[in-house]
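Enquirer: The structure's right below; bear with me while I get my questions together.
The values are calculated or read from the model by the stated rules, or taken from the named source; none is laboratory data. Since we're looking at a predicted model, the values are computed, not measured. Neighbour counts are summed over all protein chains in view; Cβ atoms, including those assigned to glycine, are modelled from backbone coordinates with ideal geometry.
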Amino acid sequence: MNYEGNCWNILNTIRYAINEQSTALTNGTDTTGAFQNAYLIQQINRAQYFIYSVLFGQFPDVFLKSASITFTDSVASLPSDCFKIKEILDSNNIPLLPIDMKERKIGTYIGDRYAYYRYGNSVAIDQSGVSETGTIWYYSRCRELTCGMSSAGGALSLTLASTARGIVDYYNGMTIENITDNWVDTISDYTAARVCTLAAQTGAASKYYGLVSELPEIFHDVLIERAIIQVKQHPKAPFKITKEDIELNMENLRFAMISYAGTNTGDTDIDGTINDFGEI
């Protein structure tokens, strides 16, 4: 199986578009190309963030998720992909009230047992000593894509390359495709040492992989187009973008949004949303 939107495949497509169609360049074993893989992957993630921003502006519920959240002495860590909190429910499914940090009182007998505030990647209940597990509803962000060669593996385990994020849980729930052995799996857990716990497959060292974009699949081609356009803007690019390239990409984004809107209810202002973000 080959996902159009896995990072290795996108990288390989960009190489083809700039006349560097070489598996060795995509794998990073050949570094003589006009661009290093790190730069191209940066452009892939820039393109993904742009499309995510446009899509979130029109259909935020596409990225709505729920998860358990555990408070220890009134403090809990947010899910690694949390962009914006919609609602937090306590262990009795009672909604907690969001407050600003400047409103907090904190204390065992003061503050509000049913109020919380966010700071960084954590949330705190505005009364000390609360330990319980509740539910959080939140809008997720698209996490950065990466690809490379695994450094180790085993039963239900794969260690990503050093270019991957070294943040606990960062890739949890993402789809990973093993290009070498042609399998797809889900990352159920991830450590700061870049070790993935896989749902079903057996990993091994020296295997090429790519993480799959969390954008809806209908937007993967638009993601690839936009990443290519961004690379072609660089002075070193052998081919330059044209006005027609940009217009076609924006039109394809518009068509993808319209097609996606067919499965959603409510009013949509797709042209207005796209125009708000500009072209490139």
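Enquirer: So which of Y52, Y3 ends up being buried (at least 18 other Cβ atoms within 10 Å of the Cβ), in a loop (DSSP other than H, G, I, E, B) and not β-branched (V, I, T)?
Expert: It is Y3.
Enquirer: Taking the stated definitions as given, is Y138 surrounded by 15 or more Cβ atoms within 10 Å (Cβ to Cβ), over 26 Å from A38 (Cβ atoms) and in contact with a Cys (Cβ under 7 Å, 6 or more places away or on another chain)?
Expert: So Y138 fits the description; yes.
Enquirer: Can we say G129 is over 28 Å from Y52 (Cα atoms) and assigned to a loop (DSSP other than H, G, I, E, B)?
Expert: Criteria met by G129.
Enquirer: Additional query: I'm checking my understanding of the structure. Among residues of region 6-34 that are of a type outside the set (S, T, Y) and loosely packed, with under 15 Cβ neighbours inside 10 Å, which one is farthest from G148 (Cα to Cα)?
Expert: Looking at residues that are of a type outside the set (S, T, Y) and loosely packed, with under 15 Cβ neighbours inside 10 Å, I get N19.
Enquirer: In region 165-183, which residues are among the aliphatic types (A, V, I, L, M) and more than 18 Å from the chain's Cα centre (by Cα)?
Expert: Within region 165-183, just I179 meets the criteria.
Enquirer: Collect the residues in region 40-71 that are touching a residue at least 12 places away in the same chain (Cβ under 8 Å) and over 30 Å from L96 (Cα atoms), keeping them in residue-number order.
Expert: Hits for region 40-71 are L40, I41, Q43, I44, N45, R46, A47, Q48, Y49, F50, I51.
Enquirer: Inspect all residues belonging to region 91-100 and state whether any of them is closer than 19 Å to L78 by Cβ and either within 25 Å of the chain's Cα centre (by Cα) or assigned by TED's automatic domain parsing to the domain that holds L25 (or both).
Expert: No, every residue in region 91-100 fails to be closer than 19 Å to L78 by Cβ and either within 25 Å of the chain's Cα centre (by Cα) or assigned by TED's automatic domain parsing to the domain that holds L25 (or both).
Enquirer: Shifting gears a bit: Within region 183-218, can you find the residues that are under 13 Å from T159 (Cα atoms) and of a type in the set (D, E, K, R)?
Expert: Hits for region 183-218 are D189, R194, K207.
Enquirer: Condition (residue is over 26 Å from S80 (Cβ atoms) and assigned to a loop (DSSP other than H, G, I, E, B)) applied to region 182-198: is it met by at least one residue?
Expert: Looking for residues that are over 26 Å from S80 (Cβ atoms) and assigned to a loop (DSSP other than H, G, I, E, B), one finds at least one in region 182-198, hence yes.
Enquirer: Quick check, is A124 within 27 Å of the chain's Cα centre (by Cα), surrounded by 15 or more Cβ atoms within 10 Å (Cβ to Cβ) and on the phi < 0 side of the Ramachandran plot?
Expert: Yes, satisfied.
Enquirer: Within region 32-39, does at least one residue satisfy the condition of being assigned by TED's automatic domain parsing to the domain that holds T135, over 22 Å from H220 (Cα atoms), in a loop (DSSP other than H, G, I, E, B) and of a type in the set (G, A, S)?
Expert: Within region 32-39 (the criterion being assigned by TED's automatic domain parsing to the domain that holds T135, over 22 Å from H220 (Cα atoms), in a loop (DSSP other than H, G, I, E, B) and of a type in the set (G, A, S)), the answer is no, since none of the residues qualifies.
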